[in-house]
Amino acid sequence: MNFVDVSCYFTMHSKAKKRIQNTPLIYKITIPLFLFFLLFAIWFVIFRNHTIERFKQLQLIQDDNTIFYDIDQQPFHVIRGTEDRRYVKIDQINKNLQMAVVAIEDSRYFQHIGIDIMRMGNALIRIITFNKNLHGASTITQQLVKMTLLSPERTFNRKITEIFMALALETEYSKIQIIELYLNKVYMGHRNFGVENVSLNYFHKPARHLTLAESAFVAGLIKKPEGYSPFVNLKKARKRQVLVLKRMRQLGWISSIQYQQAVNESLYIRRNKESNLQSAPFFVNHILLELKKRYEHEIVYGGGLRIYTTLDRGLQDSMEKEISIRMQQEQSYAEVAGVSIEPATGFVKALVGGVDFYKSEFNRATQAKRPPGSSFKPIVYAAALSKGMSPIDVFIDEPTRYPNSFDSDVSVVTVNENDETSADIPIELNQFYEPSNFNNEHIGTITVSHALKVSNNVVSVKILNETGISNLANVASRFGIDVPTNRGLCLALGCLETTLLQLVDAYTTFPNKGIRVAPVFVLKVTDKKGKILESFTQSTETRVLSESLAYQLNHMLTKVVESGTGRAADIGTPSAGKTGTSDDFRDAWYIGYTPDLVTGFWIGNDDNTTMDGEVGGGTPARLWKSLMSKRKKADIQKNFPMNIEYDEFLICDHSGKLARPWCPAKSWYALKRDTGPSEYCDIHFESDYEANICGVSHKLATPYCPAAQVKKLKFNQGELPDEYCDVHKPDIESLIKEFESIPTSTINELEASENNIQP
């Protein structure tokens, strides 16, 4: 650089320095400030976006209770997460409660931007002056930040971070949104989070129904949830409530009259027992197992799901109560299960899977596969009718053998009761299968309908043998039951395995005009904010039977209750059903139904041990009657639907023809007009034999029977007694004197006539 260049450099530098020195002071201040605020704004935008994103992510995974609602949308069971809460929208929270919380926690909430400068300044002055009456300066927004985004440590840096985070939230969410999040997050003591949960647990009502006094009480808990707990110090909690009401009055948010009424209002506080929201555990557990197939474990347990179910709380409670009462009596069974389904919709209204869920979660209504015995017979008969058989067709109840045709590893089940099956016998020891009835007696010719009514085993097997096992398997699959065809003819007596839920669901076909609807437990699943995750759609209806066949089977099964094996279930109004008991009294069933509800009960032992003579027509039928008798009359559909194609015919249960007055067993049969019989019974005839019968011995009367005991009766051919009374005898001495007084000639004439000898 030469001299000229150096001279120019210093000249230019000197001028620039003079320009800087001559710059006004305001520019020297504003430019750095502008740069500072620009950098701060850029930092805050980045900080704000990061805060909002983190807050949203935390809301997505926020721990919350999974709540089950019944058919009336009332909560009945809660799966509690780490934090016991129930999220509700702001419009589901009483306005009084919203005002009470704002009044006591942050009265300037709607005026500030997330931080309250006035309260912060006041708090700072109190600290500087060592004032012991320190009050918190945190706004509701800051409290929400502390509960969700920050650790509980108390440091200066954390406080500064809290302030900026509160400002960030206020730029993203409205005041209404923030107060909604806060009221659902805030801790209220005793593991209760959120105002909805504490309202339900303390006052047994949702937050939208709280009174002003109750709202003030709840708001007062926030500062010291355990310290102001009514279960720890009710007097202290009451003082806190009055303080909240005074603050609301000072702010002009309530009138003097409202204040005084709230102060004088009596509060009824009772901590909710755990069991109050733990109803229907088997019902709930069945749903949980299904939900876990579609959702992660964390979502199902503590993810805030809201599950709206088909449960009828009243029916469920009644079923549980009836089972509990029955188990208090002496019995030889350890477990009971029950299921109720609405046939028109498939809605499962009640389900009990065992005596005590907390001792055994195994669900005997949905998971236990047991042999149904004769309760499977309606499906056998439905398969037979669908192939053209008629209720008036006649079979002979007599000893009958069938060659075994089963696989070598299958057991034959023989019959030991009119409604039941007996012990398994390995088939390799039996070349023939010979079913028998309960009393080992046979009654000759009987109709198909009568065989179902009295649960005749021999005829049931004959019906299956005639109509075919493959036909039964096809029809049963439409009922929702798989039939193992290699079991053979004992299938007519229920030698297969099924669950109670499957069997009850199958029976819904009969009152539902031949249509089966798959069981429905869940109507809707939402997240905690009400977003629908899945909703019920009517499943495809399965036409199992024609409407006319369903009507006919309904009619047949009503006879089971009226005068058959199900008499113990008779409730005095139209109902139908079927009893069943498996081999050696290991399982006893009764599946019964009214026009609007199908209910089934099962009793037995988990280890498959034998019960002491328990049959389907005993305890299960009585349980059904007890439960159905307690239903509200308004909830009961009285009559089964009619079918104008059918007429009723009085039929002899033995001949299958029109009954005569003297037929010993006759019933009304529902038959299509063109299929009804035109002939009268040709088995039973009018009584044309008369004889005097002694009322004491029930034998032919003799002259020595007292006149008052002698009756003249009519008898059919072959039914006249062939013995004389041996109870009433003559006086021997009188008889000898009477004989001696008879002339000899008369005696000779009698002897000659007896021997056909002419005197």
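Quick notes
- Looking across the range 344-372, not a single residue is modelled with pLDDT under 95 and buried (at least 24 other Cβ atoms within 10 Å of the Cβ).
- From the options GLU342, GLU335, GLU361, residue that is of a type in the set (Asp, Glu) and farther than 23 Å from TYR69 by Cα: GLU335
- Some residue of the range 697-711 being of a type in the set (Phe, Trp, Tyr) and either farther than 27 Å from VAL454 by Cα or not in a strand (DSSP E or B) (or both): yes
- Pairs with Cβ under 7 Å, 6+ apart, first in the range 181-192 and assigned by TED's automatic domain parsing to the domain that holds ALA166, second assigned to a helix (DSSP H, G or I) and hydroxyl-bearing (Ser, Thr, Tyr): LYS185/THR148
- The residues of the range 220-236 that are over 37 Å from the mean Cα position of the chain (by Cα) and of a type in the set (Ser, Thr, Tyr) amount to a single one, TYR228.
- If the condition is being assigned by TED's automatic domain parsing to the domain that holds ASP106, aromatic (Phe, Trp, Tyr) and either at pLDDT 95 or above or crowded, with 16+ Cβ neighbours inside 10 Å (or both), then the range 254-291 contributes only TYR259.
- Unique residue being more than 30 Å from SER548 (Cβ to Cβ), of a type in the set (Phe, Trp, Tyr) and more than 27 Å from the chain's Cα centre (by Cα) when the list is TRP668, TRP662, TRP602: TRP662
- Every test in (1) part of a helix (DSSP H, G or I); (2) surrounded by fewer than 18 Cβ atoms within 10 Å (Cβ to Cβ) is passed by LEU200 save one, and that test is (2).
- The range 699-719 - residue that is within 24 Å of HIS654 (Cβ to Cβ) and surrounded by 11 or more Cβ atoms within 10 Å (Cβ to Cβ) and, of those, modelled with the highest pLDDT: LEU713
- Enumeration of residues in the range 544-571 that are under 25 Å from the mean Cα position of the chain (by Cα) and without any contact (Cβ under 8 Å) to a residue 60 or more places away in the chain: VAL561, GLY566, ALA568, ALA569, ASP570, ILE571
- Whichever residue in the range 532-584 is among the acidic types (Asp, Glu), out of contact with any helix residue (DSSP H, G or I) (no Cβ under 9 Å at 6 or more places or on another chain) and part of a helix (DSSP H, G or I) and, among such residues, is surrounded by the most Cβ atoms within 10 Å (Cβ to Cβ): ASP584
- In the range 222-241 there is no residue matching the filter, namely being outside any loop (DSSP other than H, G, I, E, B), among the aliphatic types (A, V, I, L, M), at pLDDT 95 or above and surrounded by 15 or more Cβ atoms within 10 Å (Cβ to Cβ).
- Residues being under 24 Å from LYS513 (Cβ atoms) and without any contact (Cβ under 8 Å) to a residue 24 or more places away in the chain are entirely absent from the range 607-614.
- Residue within the range 183-196 that is surrounded by 19 or more Cβ atoms within 10 Å (Cβ to Cβ) and either more than 28 Å from TYR69 (Cβ to Cβ) or among the hydroxyl-bearing types (Ser, Thr, Tyr) (or both) present: no
- Pair list, Cβ < 9 Å and 6+ apart or interchain, from the range 517-530 residues that are surrounded by fewer than 20 Cβ atoms within 10 Å (Cβ to Cβ) to residues that are of a type in the set (Lys, Arg): LYS524/ARG306; THR526/ARG306; ASP527/ARG306; LYS529/LYS89; GLY530/LYS89; GLY530/ARG306
This table checks each residue for (1) β-branched (Val, Ile, Thr); (2) crowded, with 21+ Cβ neighbours inside 10 Å.
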residue	(1), (2)
SER449	no, yes
VAL459	yes, yes
ASN471	no, no
VAL475	yes, yes
PHE479	no, yes
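- Counted residues, the range 669-681 - those being at pLDDT 90 or above and either surrounded by 16 or more Cβ atoms within 10 Å (Cβ to Cβ) or charged (D, E, K, R) (or both): 7
The values are calculated or read from the model by the stated rules, or taken from the named source; none is laboratory data. Predicted model, so just to flag it, every value in this text is computed and none were measured. Heads up, the Cβs are rebuilt from the backbone with ideal geometry, glycines too, and the neighbour counts pull from every protein chain shown.
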